[in-house]
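Trainee: One structure follows; several queries about it will come next.
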Amino acid sequence: MSRLFSLAHLSLIESPPAEMVMIAAKAGFDLVDLRLAPATPTDPIYSRSELAILARDLAPVVRDAGLRVWDVEIIRIKDQMQPRDYLPLMEAAAHLGAARMKLVCDTDDHARAAELLAAFARAAAPFELTLDLEYMVFSGVKSLKAALGVVEAADQPNLRVLVDALHWTRAGDTAEDIRKAKLLDYVQLCDAPATAPVGREALIVEARTSRLPPGEGALALDALLDAMPPLCVASLEVPLPRGHDPMTHARTLLVAAHAVCAVHDRVAS
């Protein structure tokens with residue numbers, strides 16, 4: 001058994017889904033993550049009919065590329081939302097054969113977040129989708145402990161917590177925190193300087209535009225990988241630097257990921 005690597009859509013956010021799939025496949029990735037609902041104000045917004053057509057047309061592209069869709073994003077948990085708002089996204093994810101869907105929390109009310117998370121998990125269950133809550137210091141759920149608390153309160157079998165190397169570091173979480181936790185089986189890899197930028201907006205900019213390939217920064221990736229479940233799926237989330245070639249960038253990320261994970265993967269196998 002070997003670790004599977006996925007290419008996150010943020011890494012090539014200017015590439016439409018079909019192009020993203022082809023680049024991921026040609027670069028040698030096993031899986032691909034697709035952003036089919038907006039995470040930022042500049043992301044495309046698809047109507048229900050547009051999502052259905054996109055999924056219908058994209059499914060054979062994924063199949064012919066020899067790739068699988070790992071993750072479809074993103075669901076933003078807000079106080080006044082309902083699972084029915086995201087049923088078209090779940091339907092599209094299921095049509096594409098996705099395994100997971102990613103959520104982030106925009107409310108500071110963790111009781112309400114747990115209630116909504118449970119409702120979303122129940123809605124996703126018929127589509128055989130696992131939902132991953134990603135915590136970020138600039139979101140309503142700011143730490144691993146907080147994310148685990150919300151997911152445990154929601155108490156649904158298809159809920160997990162996603163650990164992003166950057167957010168894990170900026171939250172001040174440790175490898176021991178991960179080692180003691182349950183409900184973790186998916187990691188996003190990137191690198192960054194040791195010193196965090198100051199202020200919420202600067203942290204958002206860093207997360208969306210200024211990540212580095214694994215091994216090119218100062219994050220404790222070895223400790224993170226050692227603490228995570230052996231051979232868990234790793235998604236590479238490093239935005240394309242301005243002026244760089246998308247294919248070259250994708251290949252660079254995969255080479256870097258293999259290099260960082262090599263020791264851990266040999267031990268696990």
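Trainee: If I filter region 40-60 for residues that are assigned to a loop (DSSP other than H, G, I, E, B) and farther than 30 Å from ALA118 by Cβ, do I get at least one hit?
Mentor: Within region 40-60, one or more residues are assigned to a loop (DSSP other than H, G, I, E, B) and farther than 30 Å from ALA118 by Cβ.
Trainee: A further question follows. For region 70-181, which fully contained helices (runs of 4 or more DSSP H) count at least 3 residues that are closer than 30 Å to GLU216 by Cβ and aliphatic (A, V, I, L, M)?
Mentor: 144-154
Trainee: Any residue in region 58-72 that is surrounded by 19 or more Cβ atoms within 10 Å (Cβ to Cβ) and either free of Cβ contacts under 8 Å to residues at least 24 places away in the same chain or over 22 Å from LEU12 (Cβ atoms) (or both)?
Mentor: no
Trainee: Name the residues in region 185-222 that are surrounded by fewer than 21 Cβ atoms within 10 Å (Cβ to Cβ) and closer than 23 Å to GLU152 by Cβ, would you?
Mentor: ASP185
Trainee: Do you know which residues across region 1-22 are assigned to a loop (DSSP other than H, G, I, E, B) and of a type outside the set (D, E, K, R)?
Mentor: MET1, SER2, LEU4, ALA8, ILE13, SER15, PRO16
Trainee: For region 30-54, which positions are under 12 Å from ALA93 (Cβ atoms), touching a residue at least 60 places away in the same chain (Cβ under 8 Å) and in contact with a Phe, Trp or Tyr (Cβ under 7 Å, 6 or more places away or on another chain)?
Mentor: Of everything in region 30-54, just one residue is under 12 Å from ALA93 (Cβ atoms), touching a residue at least 60 places away in the same chain (Cβ under 8 Å) and in contact with a Phe, Trp or Tyr (Cβ under 7 Å, 6 or more places away or on another chain), namely ASP33.
Trainee: Out of the residues in region 224-245 meeting the condition of being of a type in the set (A, V, I, L, M) and in a helix (DSSP H, G or I), tell me which one is surrounded by the most Cβ atoms within 10 Å (Cβ to Cβ).
Mentor: Among those residues, the one meeting the criterion is LEU225.
Trainee: Please find, among ALA171, ALA194, ALA234, the residue that is farther than 22 Å from ALA99 by Cβ, touching a Lys or Arg at 6+ places or on another chain (Cβ under 7 Å), aliphatic (A, V, I, L, M) and at pLDDT 95 or above.
Mentor: Exactly one of ALA171, ALA194, ALA234 is farther than 22 Å from ALA99 by Cβ, touching a Lys or Arg at 6+ places or on another chain (Cβ under 7 Å), aliphatic (A, V, I, L, M) and at pLDDT 95 or above, namely ALA171.
Trainee: Let me ask another. Could you tell me how many of the residues in region 40-57 are under 20 Å from the mean Cα position of the chain (by Cα) and either among the charged types (D, E, K, R) or closer than 11 Å to PRO17 by Cβ (or both)?
Mentor: Total meeting the criteria: 5.
Trainee: Which ones in region 4-27 are hydrophobic (A, V, I, L, M, F, W, C) and touching a residue at least 60 places away in the same chain (Cβ under 8 Å)?
Mentor: Once the filter is applied, which keeps residues that are hydrophobic (A, V, I, L, M, F, W, C) and touching a residue at least 60 places away in the same chain (Cβ under 8 Å), region 4-27 yields LEU4, PHE5, LEU7, ALA8, LEU10, LEU12, ILE13, ILE23, ALA24, ALA27.
Trainee: So for region 115-122 (the condition being more than 16 Å from GLN156 (Cα to Cα), aliphatic (A, V, I, L, M) and under 17 Å from the mean Cα position of the chain (by Cα)), does at least one residue qualify?
Mentor: no
Trainee: Evaluate region 246-262: report whether one residue or more is of a type outside the set (D, E, K, R), modelled with pLDDT under 95 and part of a loop (DSSP other than H, G, I, E, B).
Mentor: Within region 246-262 (the criterion being of a type outside the set (D, E, K, R), modelled with pLDDT under 95 and part of a loop (DSSP other than H, G, I, E, B)), the answer is no, since none of the residues qualifies.
The values are calculated or read from the model by the stated rules, or taken from the named source; none is laboratory data. Source: prediction; values computed, not measured. Reconstructed Cβ throughout: ideal geometry from the backbone, glycine too, with neighbour counts over all protein chains shown.
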